[in-house]
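*Asks:* A single structure is presented below for examination.
Here, each number is a calculation from the coordinates, and none is a lab measurement. Not measured: the values here are computed from a predicted model. Counting neighbours? That spans all protein chains shown, and the Cβs are built from the backbone with ideal geometry, glycine included.
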Amino acid sequence: MLDKLKKKIDEIFAQSPSPEAVKKAIAEGQVWKSIFRHGYPDTPRNRVMAVLSNVFLHLHPVKARHSGVKMSYTWCMGGLSFFLFLNLTVTGILLMFYYRPTAEYAYYDIVALREHVPLGIMREIHRWGAHAMVIAVWLHMFRVFMTGSYKPPREFNWVIGVILLVITLLLSFTGYLLPWDQLAMWAITVGTNMARATPFMGYEGPGASMIQIGGVHLVNGGSDIHFALLGGHFVSEATLIRFYVLHCVVVPIVAATLMAIHFWRVRKDGGISGPL
Amino acid sequence: MHYILDAIDFVLQPWSYFLFSVIAFWAMIKYREKWTEPAFAVKLLWGAIGAIVFSMVYSVHFREIASLPDNVPIFLMVFSVGFFTWLSFRQGVLNDRRIAQGQPPIEKETSDKKVYVWPDLVYIEFIATVVAGVVLLIWSLCLHAPLEQAATPAWTPNPSKAPWYFLGLQEMLVYYDPWLAGVVFPTLIIVGLMAIPYIDKNPKGAGYYTFNERKLAIIPFLFGFFILWVTLIFLGTFMRGPGWNFFGPYENWDLHKVVVLNNVNLSEYIWVRILGIGLPSNFLLREIWGFLAVGFYLIGLPPLLTKKIPLLQELLEKMGVVRYGILIFLFLSMAALPIKMVLRWLINLKYIVAIPEIFFNI
Ligand code: HEM
């Protein structure tokens, strides 16, 4: 009985195609070929095709300077900044499913996220990812500086980079308020208090009292840049919704746009820098 | 043990902390050949780890602050900045040796060769992604994101701190008013960073690590990054307690610590203490000395320095007046922070120009 079964199994195996044959059948089938318009990328032609025919990979050039792709040169920090940004986008969207930006719900939604959502660590991934991104962007800037990669023709891409750095910090800052706990509220209070002192635009800033028409001060506590930022005199519910929209919509769109320009410029400026 | 901790707390003051970091910075530049040796660097690493373990074990206070979830990334920051500083200096030192012998930098050996992005780059990116993803996942599994009590305007925590990456800016508030520390200086940092490629016209050192060929660019940049940014973050996190008072790293935060504030404005120094006249009532007249000082610093000092220092003269000739003017202005703005710090420590100077009537204090 057992012997018979064994023989049968052997027979089935003998008849069935080898793994190679299966691979071949898939790779040459219509479905596969409609997605990947090239064979396995182990020949020069197919390697070129692999990069050119894939919308994501074609952020890259087909070939790159050997010195430029080394880890010891770029530290992969620009790439990691981008990876973390993608990560934050995905976990951020997941968080948006659970979070309502109102003073009534915000805090308790975060509590619920921790207490009731299975595998609820996307808040952790999002928060630590954000911290890591700040560090990665600093380090990326550091390596670009230390390799002199801002020198012509890459000056402008450095400028874009500086804006990206500011944007990264703004993303972290606006996000910091959203848990709506004491930590959040007071860190943002400390940070936004500065705006009151903006020259000419904050009512406690130098020059603001000069901006008046017929003795009426135009820049006052209810009309200055601090008020515009917070939507009130203090960090309040109006601030929460402002920061939420900035954090989830406005700043990420600006960031993504600038990153597209940044990557495009890396290529237009002749790829990753190297000695002449 | 607590004698050691107390001694460290006693020695560390804002001024000595700053002094030590400047000395460390100088030593880092000066002895780069030595500490970039891997064997030596490993010793430094053990030293740093040892110092932290020591602090964690013997100081409850330090342990408490260090293990606040939002402070944990500071260690990642400090160690990664340390490691990458080593990596860039190491490669720079090796290249400088090659260049001194008339050889091209090491990057040159492979820079003319082109490799296929698939697989040579894609696999590096893939591995980096996986490693970063796993690290992030483990970190997230092990450390909960902080969540304190629900926000309430009724109770202000003391100290109120910004997120750690802004603590360098918050620290500036000790020395300058918010319009400068919170608005003007950050703007100048951003503008200054953007201006770097247009100011640094040195054609050498593009596309490889080097120190010798770019000293004049690297030293100021790293001074800003390390001394005026990273170390201030560390100070703001570990040594600023209630009332933003300074505490040693192992000193308990005493809510009732009273620091005598006897800071004095420049106008009072001159009109009252030196001239013995008393403060004039017109504030423009009252602050005349401050205006003169600031005016001299920004307008008089640049030509003077340029005349006296041959190196600057050379720069002026190379760069042209406009670029050079911007460079000097940015330098002086950057130097304004340490200068005010030192003045505060030495003569308790509060404001150089003090016109609180219109919120114009420098
Ligand atoms: C969100 C932030 C950023 C992202 C995602 C990003 C991404 C990247 C990537 C993927 C590269 C390719 C080479 C590499 O990985 O090193 C790159 C290159 C570059 N980045 Fe960024 N970057 C960011 C911020 C910055 C900042 C803050 C600066 C400078 C202030 C900067 C300046 C540059 C320059 C000049 C290059 C060309 C380097 C070369 O050719 O060697 N970037 N960036």
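*Asks:* For residue B:112 and residue A:13, FRET efficiency with R0 = 51 Å and r from the beta-carbon atoms, rounded to 0.05?
*Replies:* Between residue A:13 and residue B:112 the formula returns 0.45.
*Asks:* What FRET efficiency do you get for residue B:8 and residue A:220 if R0 is 60 Å and r is their Cβ-Cβ distance, rounded to the nearest 0.05?
*Replies:* For residue B:8 and residue A:220, the calculated efficiency is 0.80.
*Asks:* Kyte-Doolittle cut-off 1.6, length cut-off 18 Å along the helix's own axis using Cα: show which whole DSSP H helices in chain B pass.
*Replies:* B:38-58, B:122-142, B:185-199, B:321-347
*Asks:* What is the order of A:226, A:66, A:58, B:256, fewest Cβ neighbours within 10 Å to most?
*Replies:* With the sparsest Cβ surroundings first, the list reads B:256, A:58, A:66, A:226.
*Asks:* Just want to confirm a number: the relative contact order over chain B, from Cα pairs under 8 angstrom separated by 6+ residues, in percent.
*Replies:* Worked out over chain B, it gives 23 percent.
*Asks:* Something else: Can you give the charge dipole size of chain B about its Cα centre, rounded to the nearest 20 debye, using +1 on the beta carbon of Lys and Arg and -1 on the beta carbon of Asp and Glu?
*Replies:* Result for chain B is approximately 980 debye, rounded to the nearest 20.
*Asks:* Follow-up. Using the Cα centre of the protein assembly as shown as origin and beta-carbon charges of +1 (Lys, Arg) and -1 (Asp, Glu), tell me which of B:19, A:83, B:312 is placed farthest towards the positive end of the dipole.
*Replies:* Comparing the listed Cα positions along the dipole, B:312 ranks first.
*Asks:* Right, something else. Rounded to the nearest 20 Debye, what is the dipole magnitude of region B:1-99 about its Cα centre when Lys and Arg each give +1 and Asp and Glu each give -1 at the C-beta?
*Replies:* 540 debye
*Asks:* Follow-up question, since we're still on this one. Just check the protein assembly as shown against the gyration tensor rule for me: Cα atoms, a ≥ b ≥ c as the square roots of the eigenvalues, rounded for a/c under 1.5, and otherwise prolate or oblate depending on whether a/b exceeds b/c.
*Replies:* prolate
*Asks:* Same structure again: Amide H of residue A:181: which non-local residues (sequence gap of 5 or more, or other chain) have their own amide H closer than 5 Å, using H built in the peptide plane?
*Replies:* Amide H neighbours of residue A:181, under 5 Å, 5+ apart: B:151.
*Asks:* On to the next question. Using +1 at the C-beta of Lys and Arg and -1 at the C-beta of Asp and Glu, which of A:2, A:274, B:137 has the Cα lying farthest in the positive direction of the dipole of the protein assembly as shown?
*Replies:* Of the listed residues, the answer is A:274.
*Asks:* Roughly how many whole Å is it from the C-alpha centroid of region A:113-157 to that of region B:216-245?
*Replies:* Distance between centres, Cα-based: 20 Å.
*Asks:* Another one. Kindly list the residues of region A:15-43 that lie in the label zone of residue B:130, defined by a backbone N under 19 Å from the point 7 Å along the Cα-to-C-beta vector.
*Replies:* Residues passing the 19 Å test: A:41-42.
*Asks:* Residue by residue through region A:33-43, which ³J(HN,Hα) values in whole Hz follow from phi under the Karplus form 6.51 cos²θ - 1.76 cosθ + 1.60 (θ = phi - 60°), with glycine and proline marked x?
*Replies:* Values, residue by residue: 5, 6, 8, 9, 8, 7, x, 4, x, 10, 10 Hz.
*Asks:* What residue among A:93, A:261, A:35 has the largest mean-square fluctuation in a Gaussian network model of chain A, using Cα springs under 10 Å?
*Replies:* Among A:93, A:261, A:35, the largest GNM mean-square fluctuation belongs to A:35.
*Asks:* Between B:248, B:223, B:149, whose Cα lies farthest towards the positive end of the dipole of the protein assembly as shown when Lys and Arg beta carbons carry +1 and Asp and Glu beta carbons carry -1, centred on the Cα centre?
*Replies:* B:223
*Asks:* Using Cα pairs closer than 8 Å and at least 6 residues apart in sequence, work out the relative contact order for region A:19-100, in percent.
*Replies:* Once divided by the residue count of region A:19-100, the mean separation gives 12 percent.
*Asks:* Over 25 Å between C-alpha atoms is what I'm after, so list which of A:70/B:43; A:63/B:108; A:268/B:114; B:108/B:204 land there.
*Replies:* Over 25 Å apart, Cα to Cα: A:70/B:43.
*Asks:* Could I ask something else about it? So who's got an amide H within less than 5 Å of the one on residue B:240, skipping anything under 5 residues away but keeping other chains? H placed 1.01 Å off N, in plane.
*Replies:* Sorted by chain and number, the residues that satisfy this are B:247.
*Asks:* Sticking with this one: Could you work out how far the C-alpha centroid of region B:248-312 sits from that of region B:76-90, in angstrom?
*Replies:* 37 Å
*Asks:* Which whole-Hz couplings ³J(HN,Hα) result when phi for each residue of region B:253-268 is put into the Karplus expression 6.51 cos²θ - 1.76 cosθ + 1.60, θ = phi - 60°, listed in order with x for Gly and Pro?
*Replies:* 6, 8, 4, 9, 4, 10, 10, 5, 9, 10, 6, 10, 6, 4, 4, 5
*Asks:* Cut-off is 10 Å between beta-carbons; in what order do B:177, A:10 appear when sorted fewest neighbours first?
*Replies:* A:10, B:177
*Asks:* With the cut-off at 1.5 for a/c, could you classify chain A from its C-alpha gyration tensor as rounded, prolate or oblate?
*Replies:* Here chain A falls in the oblate category.
*Asks:* Moving on to the next point. Need one word for chain B: rounded, prolate or oblate. Basis is the Cα gyration tensor (sqrt eigenvalues a ≥ b ≥ c); a/c below 1.5 gives rounded, then a/b vs b/c decides.
*Replies:* oblate
*Asks:* Give the separation of the Cα centroids, region A:208-274 to region A:3-57, in Å.
*Replies:* 51 Å
*Asks:* Take A:43, A:239 and order them by how many other Cβ atoms sit within 10 Å, fewest up front.
*Replies:* Final ranking by Cβ density, sparse to dense: A:43, A:239.
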